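The values are calculated or read from the model by the stated rules, or taken from the named source; none is laboratory data. Note that this is a predicted model, so its numbers are computed, not measured. We place every Cβ from the backbone using ideal geometry, glycine too, and count neighbours over all the protein chains shown.
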Amino acid sequence: MFISPTIIQHGIIALENEIMRLERVHENCGDEWPPDFDPNDRWIYDQLLQEFRKYKASGYEEQSLNGKPFRFFVALIPSYINSNMDKLSQASYLELHHLYSETYSP
């Protein structure tokens, strides 16, 4: 799936925020992780963040992203939208919503 510069820009922010959240959970909980926490997720998000940054640095040369790490990112979109609704343009909102719907539609 081709990923637009808009998605990449928002994706970098969403991934950075999720990585920080996971780091805080790990710091606060140590080895007593909550049920929804998997310390391996941070590695997946970090790898995808590096890919998004490379894509941005390349001048957004056409690139296709898919697979498990990409689906992990797309799963962050609803909470990212909810947290940033007042900052998102309508075009960005629609693009993010479309990507989520397209990825997770039956």
- On the given criteria, is Q47 modelled with pLDDT under 85 and surrounded by 11 or more Cβ atoms within 10 Å (Cβ to Cβ)? no
- Among (1) buried (at least 17 other Cβ atoms within 10 Å of the Cβ); (2) charged (D, E, K, R); (3) within 16 Å of L99 (Cβ to Cβ), the one test that R42 misses: (3)
- Query: Given the structure, is A91 surrounded by fewer than 17 Cβ atoms within 10 Å (Cβ to Cβ), more than 15 Å from N17 (Cα to Cα) and either among the β-branched types (V, I, T) or in contact (Cβ under 8 Å) with a residue 60 or more places away in the chain (or both)?
  - Reply: yes
- Item | Pairs where the first residue, in segment 27-54, is under 14 Å from R71 (Cβ atoms) and the second is basic (K, R) and assigned to a helix (DSSP H, G or I), C-beta under 9 Å, 6+ apart | I44/K68
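Residue-by-condition table, conditions (1) in contact with a Lys or Arg (Cβ under 8 Å, 6 or more places away or on another chain); (2) closer than 25 Å to E102 by Cβ; (3) of a type outside the set (A, V, I, L, M):
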| residue | (1), (2), (3) |
| --- | --- |
| Q9 | yes, yes, yes |
| E18 | no, yes, yes |
| P34 | no, no, yes |
| Q47 | no, yes, yes |
| A57 | no, no, no |
| N66 | no, yes, yes |
| F72 | no, yes, yes |
